[in-house]
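Presented below is the structure to which this report refers.
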Ligand code: 4AD
């Protein structure tokens, strides 16, 4: 299993036993009586303190022990003399695995801006903030698998390369092996995709849902958890070009069951983080409080742990799109013409509208249902009125839409009608349509944007800071 990690050593009772610690130097401090090295290996937010006596090591060796260098320290685990830690390592030996020239190593023990850290994404996991985020991200991913496994769901691996546009929004990245300088042409002059690798046009998937539905029509309850890609040119703090989506799909679930599952699911995974990521969440909470100090009282955010507990402990508000529009029409910002975008039945709610509902009106997560069919995807089940569909969006404070889902149209004729209505060629979706011909069943599902969840749980404000190597317009460096 490899050497003991710092996380475990910090929990060990000190009995002068010999220990080996390996990690990266966060700080080195020299005083008259001792040299203190704070070492971190990423297993925990906490450093282990290693102490040497002055003169114990050559000046030459000590000059290579600088912030960012990587060391193997052997010594004895003793009770710490100082405050702030229970144990420390009394150093016997130091091996420098790798130096980090202080002149050029960009991470120094001081506060760096998140923008700057984005430019050094190869090194930012070595900061407290990013290591905390990455550990929380891991815990949430683990909790997702645990939740579904415990609930009788099967993890279905849906393809990353597809020939269909699941959301019908045309925001796909093309996958091709054609020589772009020498494109093969048909007699009519169009690009001849028959000569491409797959013998047809292919793209990176925007969602695993359509294949997920095929799985649910056999295994009853499945979920996907994989990368999805959207070529939308949204330079916002909520959008990535590559993000991870969790998509459960359930046979025999109606919209109400779908909402119950979505609410229970997010609450349980957040609870998992609250239980298992205490140190990291506390660190991020303090970080936010520190940032808030410069803000006026009324602009300060609720402490992170309080915000998370609030979401876990209170039922989400549920209402229809039509009811939401009525609330918006009666709202102060609408009456005072403060909204940038107009409000009226049929609009695609913009983020200012969603935020008004969640942050000002209800002050808690909201599930909006039964949207007009025109603003939703073709696969959603039509309501009896023929105007709205059984859609559900879960909206979170500070985030906006975190989950989008629906009951699916299980009627073959109605689905075919919608496919044609939105201009999709039914021949491209013959396999999807066939599930409605052979043993169709009521079914539902939803998609949770994993990074939006991590954003909420960590309290960070830019989605580019909650994925190790973000992809967004004009950026695919690392
Ligand atoms: O609402 P969306 O587009 O729904 C679907 O893709 C459905 N096929 C899901 C389903 O029913 N199985 O996306 C679902 C979620 C959004 O609520 C949001 O959290 C996230 O995916 N999302 C993004 N996250 C980061 N960057 C983007 N560009 C995102 N687009 C959507």
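Coordinate-derived values only; no laboratory data. As the structure is a prediction and not an experimental result, all values here were calculated from the model. A quick note on method: Cβ atoms are made from the backbone with ideal geometry, for glycine too, and the neighbour counts reach across all protein chains shown.
Quick notes on this one:
- Taking every alpha-carbon pair under 8 Å whose residues sit at least 6 apart, the chain reaches a relative contact order of 13 percent.
- Between helix 255-276 and the chain: long-axis angle, C-alpha atoms, 0 to 90°, nearest 10: 0
- Inter-part distance where the range 388-455 and the range 196-250 are each reduced to a Cα centre, Å: 12
- Tilt relative to the chain, helix 304-313 - C-alpha long axis, 0 to 90 degrees, to 10: 40
- Between the range 12-29 and the range 92-110, the alpha-carbon center distance in angstrom: 16
- 244, 430 arranged by Cβ crowding within 10 Å, fewest neighbours leading: 430, 244
- Applying Stokes-Einstein at 10 °C and 1.306 mPa s to the Kirkwood radius of the range 209-348, computed over alpha-carbon pairs, gives a translational diffusion coefficient of 82 µm² s⁻¹.
- Counting DSSP beta bridges with both ends in the chain, the antiparallel % (nearest 5): 90
- Relative to the longest principal axis of the Cα atoms of the chain, the long axis of helix 209-219 lies at roughly 90 degrees.
- The range 140-215, relative contact order in percent, only Cα pairs under 8 angstrom and at least six apart counted: 40
- Stokes-Einstein D in µm²/s, Kirkwood radius over Cα pairs - the range 13-66 at 25 °C with 0.890 mPa s viscosity: 200
- Entry note, the range 6-108: relative contact order of 29 percent, from Cα contacts under 8 Å with a spacing of 6+ residues.
- Cα-based values for the range 372-478, radius of gyration first and Dmax second, are 17.7, 50 Å.
- The value for the chain of Rg(Cα) / (2.2 N^0.38 Å) is 1.16.
- Global size of the range 6-108 as Cα Rg and Dmax, reported in angstrom: 12.8, 40
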